[in-house]
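Written out below as structure tokens is the structure these notes cover.
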Amino acid sequence: MTATTLKDTALALVAPGKGILAADESHATIGRRFEALGISNSEENRRRYRQMLFTTKGLSEFISGVIFFDETIRQAADDGRPFVEVLAREGIIPGIKVDRGAKPLAGAPGEQVTEGLDGLRERLAEYKKLGARFAKWRAVIAIGEDGRTPTRLGLEANAHALARYAALCQEAEIVPVVEPEVLMDGGHSIERCFEVTEATLHTVFHALWEQKVALEGLLLKPNMVLPGTASARQAPVEEVAEATVRCLSRTVPAGVPGIVFLSGGQADELATAHLNAMNRLPGPRPWPLGFSYARALQAAPLRTWSGDPARVGDAQRAFRHRARCNGAARSGTYTPELERSAA
């Protein structure tokens with residue numbers, strides 16, 4: 001695979017009107033969501049749930065790629081077809097989460113660093129054989145209430161890991177999705193989130209340059225610039241959109257083929273509204289603004305399904321509706337009328 005092919009894959013993932021479904025929840029994460037609905041966290045229930053999502057009719061109209069978890073990329077539909085094949089036959093690109101979670105960072109109390117570099121080269125080779133064409137690695141950046149964190153040590157440790165992961169992906173002919181997430185947790189202001197996000201992205205792109213990562217063959221998956229969930233002032237949609245695009249304009253090189261936002265725990269409709277408002281801002285911008293959502297795409301269908309086989313059709317309609325709304329937000333054409341059209 002040439003650098004051009006990596007770029008072509010990256011561009012396909014941010015095709016107009018489409019975005020990425022992040023279906024890469026760990027057993028513990030999906031277990032918490034299942035438990036809230038009274039669903040047993042068994043391998044078979046996880047398979048049935050992902051099958052419901054992946055076999056939604058017309059999904060490829062709004063979804064360009066799906067990020068798998070290690071278990072999921074090895075699973076198959078009821079008819080025996082591997083999930084990778086189910087998606088690929090619809091023109092949806094399979095991807096894989098390859099990090100192994102965030103752990104406490106030595107020497108930096110209250111901060112974390114993502115692990116998983118050991119053995120990554122070999123795991124990437126296996127995932128490529130299984131059909132993965134892109135990968136994802138998430139770094140976690142928390143904003144401390146004391147105003148001192150994140151520290152330079154915390155930012156650089158996570159940026160270095162992200163850059164090494166990205167270099168290994170490109171060596172394996174897999175497009176890396178680089179995800180430095182500044183968390184929404186806390187009472188910080190939108191201005192503080194802007195400051196930390198700007199510092200995070202500057203640090204990440206410097207590390208990518210140091211590791212000789214080709215920017216044309218990756219995607220960035222950042223947080224939006226938001227006040228903390230416990231902040232006394234929650235910013236209006238237009239302010240979030242303006243602050244986010246301004247921050248990205250200061251930090252993200254034009255060579256990056258696209259930006260796909262994480263939802264980060266935002267409510268479904270709010271995540272869509274924020275993306276829509278960004279794409280309505282006057283341009284031009286060097287990169288398309290898309291989505292790579294997990295909960296903001298899955299919460300409604302999971303709640304509708306609740307483990308009941310008789311409700312699969314209703315759940316798929318709920319899923320397709322959320323995908324359609326976010327597809328419209330890609331071009332700034334999402335409206336309240338479209339949101340109400342779920343029926």
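Annotations
- The chain - Kirkwood radius from inverse mean 1/r over Cα pairs (Å): 20.1
- Its alpha carbons considered, region 255-336 gives a radius of gyration followed by a Dmax of 14.1, 47 Å.
- Given +1 at the Cβ of Lys and Arg, -1 at the Cβ of Asp and Glu and no other charges, the dipole of region 3-342 around its Cα centre is 600 debye to the nearest 20.
- Compactness check for region 215-305: Cα Rg over 2.2 N^0.38 Å is 1.13.
- Ordered by the count of other Cβ atoms within 10 Å of each Cβ, fewest first, D146, D8 give D146, D8.
- Of all the options G31, G65, G217, the one that moves most in a Gaussian network model of the chain with Cα springs shorter than 10 angstrom is G31.
- When the alpha carbon coordinates of region 45-87 are projected onto the principal axes, the ranges are 25, 20, 18 Å, largest first.
- Here is how the number arises for the chain: DSSP H runs of 4 or more residues each give -39500 (n - 2.57), the sum is divided by the residue count, and the result at 222 nm is -14000 deg cm²/dmol.
- Here the Debye sum runs over all C-alpha atoms of region 19-80 as equal scatterers in vacuum, and log10 of I(q)/I(0) at q = 0.30 Å⁻¹ comes out as -1.35.
- Under a 5 Å amide H cut-off, with hydrogens placed 1.01 Å from N, R100 pairs with E115, G116 among residues at least 5 apart or on other chains.
- In this Cβ point-charge picture (+1 for Lys and Arg, -1 for Asp and Glu), region 207-297 has a dipole of about 140 debye about its Cα centre.
- Three principal axis lengths of region 128-261 [C-alpha, angstrom, descending]: 49, 31, 28
- Across all C-alpha atoms in region 218-264, the radius of gyration and Dmax reach 11.9, 38 Å.
- Shape annotation for region 131-189: C-alpha extents along the principal axes are 44, 20, 12 Å, from largest to smallest.
- The chain: most fluctuating residue of P150, P104, P282 per GNM, C-alpha cutoff 10 Å: P282
- When the chain is treated as a GNM with alpha-carbon contacts under 10 Å, the residue of V245, V204, V225 showing the greatest mean-square fluctuation is V245.
- For region 243-260, 3J(HN,Hα) computed residue by residue from phi via the Karplus equation (6.51, -1.76, 1.60; θ = phi - 60°) reads 5, 5, 5, 5, 5, 5, 5, 7, 10, 9, x, 5, x, 5, x, x, 10, 10 Hz, glycine and proline entered as x.
- Among the listed pairs K7/K212; K7/K221; K18/K128; K7/K103, a Cα-Cα separation exceeding 20 Å is found for K18/K128; K7/K103.
- Within region 8-144, the proportion of C-alpha pairs whose separation exceeds 23 Å stands at 42%.
- 13 Å Cα-Cα reach of K57 towards aspartates and glutamates, excluding residues that sit fewer than 8 places from it in its own chain: E90, D314
Each reported figure results from applying straightforward, stated rules to the coordinates on display, with no laboratory input. Note that the structure is a prediction, hence the values are computed from the model and not measured. Using ideal geometry, Cβ is built from the backbone for each residue, glycine included, and neighbour counts are taken over all protein chains shown.
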